[in-house]
Amino acid sequence: MPDDSAASAPTLRHPRALVPVLVSLGMLVAVVSSLGAPLIPTIAAEDHVSLSTAQWALTVTMLVGAIATPVMGRLGDGPHRKRVILAGLAVVLAGSLLAALPLGFVCLLVGRALQGVGMGLVPLAIATARDALPSQKARSAVATLSLTTAAGIGLGYPITGLFAQYLGMYAGFWFAAATAAAALTATVIVVPAPPSRPTTAMDVPGALLLAGGMAALLVALAEGERWGWGSARLLAVAAAAVVLLAGWVLHSLRATHPLVRIRLVKDRGVLVANLTTMVGGVGTYLLISLVTRYVQTPESAGYGFGASIVVTGLLLVPFSAASLVTGRLVRMMGRAATPARMLPLGCVLSLGALVCFLLARSSLWGIGAMMALAGLGVGVTFAVTPGLIVGGVPAEETGSAMSFNQVVKYIGYSTGSALSAVILQASTAPGAALPTNGGYRDAGLAGCAAFVITGILAVALTRAGARSSVVAAGQGTPAAASDQVRPEPSRR
């Protein structure tokens, strides 16, 4: 598949600063997305709303992010990528300022919704790295950027906890505003304009169908526990999600310029990346949700540690550190890092973390070690999946394809979070405030099942080949990359 992106690569005014600036965009997304979870009890108390209502401060960010990400990815595949990045940062800045002002819960909710637009920045950063950097640096940058949203959780939670405990609820949003302003300034100075490519018309019907389907799906996952998983209202919303998403797939297969080219998603490398991202995301976020809730449970419940928000956040730091270190080690392995080896290995490491949660969650140091093991699994997996996608799509489709992968990741995260809540609620006796310790065992077993399924999918879909290094992806010419990263030739 010919591509002239290398010939038209943009000129970098500050080449050494580009990767740090792009990584800062990913970290900004991670910090902004993690602002909601530790603050839910504080928001409920400050704004005099119920915990289920306060939960929307987290849900609305993910909801808007899932809708905005594919649209921004498509807009960023044309000649206006830098403008899209700057516009996204400006919206995040405005949302952070609005959330930081003590104007009540409605304004906080609107601010958090605007912050959700920032979740579309990571795919655009990956597309920028692919276009602007030499192949060797592009490979490293793409893998690092794919890890930032997961690794940043371990940084965002303790930062948010420190602000909430010592400076009050709104300090975290002021920090997000300052970070967004710095990222906006750095982007103006450092990030180059994209290569000259023709403008593609926006697929408005496809965007509306995908937005409606994703909104219905995430609302069903977020509200299932409160509405009741068998309630008529929930079933109606879930049915609407299925109908809208099915309509979006059919429309995308027929459209000349769809929001996401579904036929590219069917490429074996792209397919295995998206499936492992989604199902693995279920297990990863289920584990994070269980750990953050378990360690904050008062010891009077017969389990838990009664830990503060700060301690809880610090327990996630090993997760971030291990994922970043492992991602670098995978890239250093070069041609030995094939998807047929790395994806099952990542699943085994993540599965081991959940087994540790089942058998050895009686001490804080054990929880920290377990999160480090989970970080190893995420680091291996997320170092592999972006290469499969980048190597399987044309350069002009990178933003759109990576955006779809982000949406799939959000679905996995939302499902994992909802699944943990459902299982723990089922293990809570009528009138009781806390689930039994056995509920955490059952939820842990569900997470183990998620990673077993992920491993089976990875083995089955990579069994046919992929002998070359998957981290060789990210080159400017997808035709060359396809020979290295895809298990079998594409029949597009």
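The values are calculated or read from the model by the stated rules, or taken from the named source; none is laboratory data. This one's a predicted model, so the numbers in the text were calculated from it and none came from an experiment. In this analysis, Cβ positions are derived from the backbone assuming ideal geometry, glycine residues included, and neighbour counts consider all displayed protein chains. These accessible areas exclude ligands, DNA and RNA; they are computed on the full protein's heavy atoms, side chains included. Shrake-Rupley method; radii C 1.70, N 1.55, O 1.52, S 1.80 Å.
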> What is the packing order of peptides 179-186, 409-416, 384-391, 298-305, taking the mean over residues of other C-beta atoms within 10 Å and listing the highest first?
Replying inline: 384-391, 409-416, 179-186, 298-305
> Where a Cα-Cα gap under 28 Å defines reach, which lysines qualify for residue 82, not counting those fewer than 8 residues away within the same chain?
Replying inline: 137, 409
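Report the relative contact order of segment 133-270, percent, no decimals, based on alpha-carbon pairs under 8 angstrom and at least 6 residues apart. Write out the running numbers ahead of the final one.
Numbers: 69 pairs, mean separation 25.7, N = 138.
Relative contact order of segment 133-270: 19 percent.
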> Mean residue ellipticity at 222 nm from the helices of the chain, using -39,500 (n - 2.57) per DSSP H segment of n ≥ 4 over the full residue count, to the nearest 500 deg cm²/dmol?
Replying inline: -24500 deg cm²/dmol
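Once R0 is set to 22 Å, what does the formula 1/(1 + (r/R0)^6) return for the Cβ-Cβ distance between residue 442 and residue 301, expressed as a FRET efficiency to the nearest 0.05? Display every interim value, and only then the final one.
Values: r = 16 Å, r/R0 = 0.74.
Step by step, r from the Cβ atoms, then E = 0.85.
How would you classify segment 211-319 from its alpha-carbon gyration tensor, with a ≥ b ≥ c the square roots of the eigenvalues: rounded for a/c under 1.5, else prolate if a/b is greater than b/c, otherwise oblate?
Numbers: a/c = 3.70, a/b = 1.73, b/c = 2.14.
Oblate, since a/c reaches 1.5 and b/c is not below a/b.
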>> From zero outward in steps of 20 Å, how is the percent of C-alpha pairs of the chain spread across the bins?
In response: 25, 60, 15, 0
> In what sequence, highest mean first, do 232-239, 368-375, 440-447 appear when ranked by Cβ atoms within 10 angstrom?
Replying inline: 368-375, 440-447, 232-239
> For residue 86 and residue 449 in one chain, what is 0.36 nm times their gap in residues minus the Cα-Cα distance, to one decimal in nm?
Replying inline: 126.6 nm
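For the chain, give the magnitude of the charge dipole about the Cα centre (Cβ charges: +1 Lys/Arg, -1 Asp/Glu; no others), in debye to the nearest 20.
1120 debye
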> Percent relative contact order of the chain, based on C-alpha pairs within less than 8 angstrom and at least six residues apart?
Replying inline: 22 percent
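Leaving ligands, DNA and RNA out of it, report the carbon-plus-sulfur percent of the accessible area of the chain at a 1.4 Å probe.
Numbers: 12540 of 18450 Å².
Reported share for carbon and sulfur atoms: 68 percent.
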> On average, how much accessible surface per residue is there in segment 17-145, in Å², for a 1.4 Å probe, leaving out ligands, DNA and RNA?
Replying inline: 30 Å²
> Quick one: if you stick a label point 7 Å off each Cα along the C-beta vector at residue 226 and residue 359, how many nm between them?
Replying inline: 4.0 nm
> In square angstrom, rounded to the nearest 10, how much accessible surface does residue 174 have for a 1.4 Å probe?
Replying inline: 120 Å²
>> I'd like the distance separating the alpha-carbon centroids of segment 326-342 and segment 255-307, in whole Å.
In response: 22 Å
